[in-house]
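The values are calculated or read from the model by the stated rules, or taken from the named source; none is laboratory data. All values derive from a computational prediction rather than experimental measurement. No Cβ is skipped: glycine too gets one built from the backbone with ideal geometry, and neighbour counts run over all protein chains shown.
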Amino acid sequence: MAHAVAPEQLDEVLGLQLTLSWAGESPGGVHRRLGWWKTDLVDAEGGGDLWKRLLPRTHLWAGLEAARRAARLVDERLRRESARADDMLTLFHFGFELDEALDERLAHHRLEAHPPGEVLPLLQHTSAPLDRAVLLAHLSSPGLDVAYKVVPGGRQLKARADEGPVFQARRLACAMLTEPPAAYSLPFILAEAGRAGR
C-alpha cells in the first residue's frame, strides 16, 4: 500500500531511519554513539569529510544515505536468521513497495540538495552529540505503545491492525532506543494476514 502513503508520511519514516542510522554508528573520539554498525559516515571528523570532497553539493545526504545502507545491511542479516524473515517489519524493512517509495523519496531530497535538517527536522539531532534520552523523549508520545518482549533474535512489538507506517516506525525506533544493548536488538513487528500495514 505504499502508493497510499503521503510524501509527508514518507518524510517522517525517512527521518526516523536516517536519524537512527546515524545514532547506530561507531564514531571514534569522545562523542560515542550506539555502535551497532562499524561505520562513521556522517560526521565531518569521519566519513563526512570524504563525502564533502567527493560530493560538495550533496555530501550531507550522501553520508546519511550510506549510514542508512549500513543499518539496512545489519538489519537484513539479522532478519535472515529468522524462519519468519519475510513477515518481519523493522524500521529498515517495511516490504518492497514502501521500501521502494522511501528510496525514491530519499533520492528526491538528495537531488533537491536542501539541508537535511530543514527537510527532515528530526535530523537536527544529528548536528550534536547523541543524547539517547532526549531523542527517545522526542519520539515518544502519550498512548504510543512501545512495549516489546525479548525473543530469540530480537525485540518483538505487538502488531496493531489500525496502525500505519509512521506509528510503526516511531514504535520501532523507541524500542531501539530503550535500554539499548551493545549489539543491534532488531525490534520487529510480525505482519499478519497478508503482511498488513505495507
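Is it the case that residue 139 is aliphatic (A, V, I, L, M) and under 22 Å from residue 8 (Cα atoms)?
Against the criterion (aliphatic (A, V, I, L, M) and under 22 Å from residue 8 (Cα atoms)), residue 139 qualifies.
Taking the range 9-30 as the search range and keeping residues that are of a type in the set (Gly, Ala, Ser) and more than 14 Å from residue 102 (Cα to Cα), which one is surrounded by the most Cβ atoms within 10 Å (Cβ to Cβ)?
21
Are any of the residues in the range 45-53 modelled with pLDDT under 85 and basic (Lys, Arg)?
Within the range 45-53, one or more residues are modelled with pLDDT under 85 and basic (Lys, Arg).
Looking at the range 76-105 only, could you name the residues that are under 20 Å from residue 23 (Cβ atoms), touching a strand residue (DSSP E or B) at 6+ places or on another chain (Cβ under 8 Å) and exposed (fewer than 14 other Cβ atoms within 10 Å of the Cβ)?
Within the range 76-105, just 76 meets the criteria.
Does residue 118 count as in a helix (DSSP H, G or I) and of a type in the set (Asp, Glu)?
yes
Based on this model, can you work out whether residue 143 counts as surrounded by fewer than 11 Cβ atoms within 10 Å (Cβ to Cβ), over 18 Å from residue 22 (Cβ atoms) and out of contact with any Leu (no Cβ under 7 Å at 6 or more places or on another chain)? Working first, answer last.
Details: surrounded by fewer than 11 Cβ atoms within 10 Å (Cβ to Cβ): yes; over 18 Å from residue 22 (Cβ atoms): yes; out of contact with any Leu (no Cβ under 7 Å at 6 or more places or on another chain): yes.
Here the answer is yes, as residue 143 does meet what is asked.
Within the range 155-194, track down each residue that is crowded, with 17+ Cβ neighbours inside 10 Å and at positive phi.
Scanning the range 155-194 gives a single hit, 186.
Filter the range 85-106 down to the residues that are touching an Asp or Glu at 6+ places or on another chain (Cβ under 9 Å) and among the aliphatic types (A, V, I, L, M), then identify the one that is nearest to residue 70 (Cα to Cα).
The extreme case among them is 91.
Considering the range 140-165 alone, what residues qualify as being in contact with a Cys (Cβ under 7 Å, 6 or more places away or on another chain) and closer than 24 Å to residue 79 by Cα?
Selection gives 146 alone.
Give me a count of the residues in the range 145-163 that are of a type in the set (A, V, I, L, M, F, W, C) and under 17 Å from residue 80 (Cβ atoms).
Summing the residues that are of a type in the set (A, V, I, L, M, F, W, C) and under 17 Å from residue 80 (Cβ atoms) in the range 145-163 gives 1.
Could you go through the range 68-76 and let me know if any residue there is in contact (Cβ under 8 Å) with a residue 60 or more places away in the chain and out of contact with any Phe, Trp or Tyr (no Cβ under 6 Å at 6 or more places or on another chain).
Looking through the range 68-76, none of the residues is in contact (Cβ under 8 Å) with a residue 60 or more places away in the chain and out of contact with any Phe, Trp or Tyr (no Cβ under 6 Å at 6 or more places or on another chain).
All but one of (1) within 21 Å of residue 171 (Cα to Cα); (2) assigned to a helix (DSSP H, G or I) hold for residue 143; state the number of the condition that does not hold.
Evaluating residue 143 over (1) within 21 Å of residue 171 (Cα to Cα); (2) assigned to a helix (DSSP H, G or I) leaves (2) as the failure.
Restricting attention to the range 126-136, which residues are touching a residue at least 24 places away in the same chain (Cβ under 8 Å), within 30 Å of residue 151 (Cα to Cα) and not in a loop (DSSP other than H, G, I, E, B)?
132, 135, 136
I'd like to verify a number: residues in the range 96-112 that are in contact with a helix residue (DSSP H, G or I) (Cβ under 7 Å, 6 or more places away or on another chain) and either at pLDDT 95 or above or at positive phi (or both), how many?
Selection size over the range 96-112: 8.
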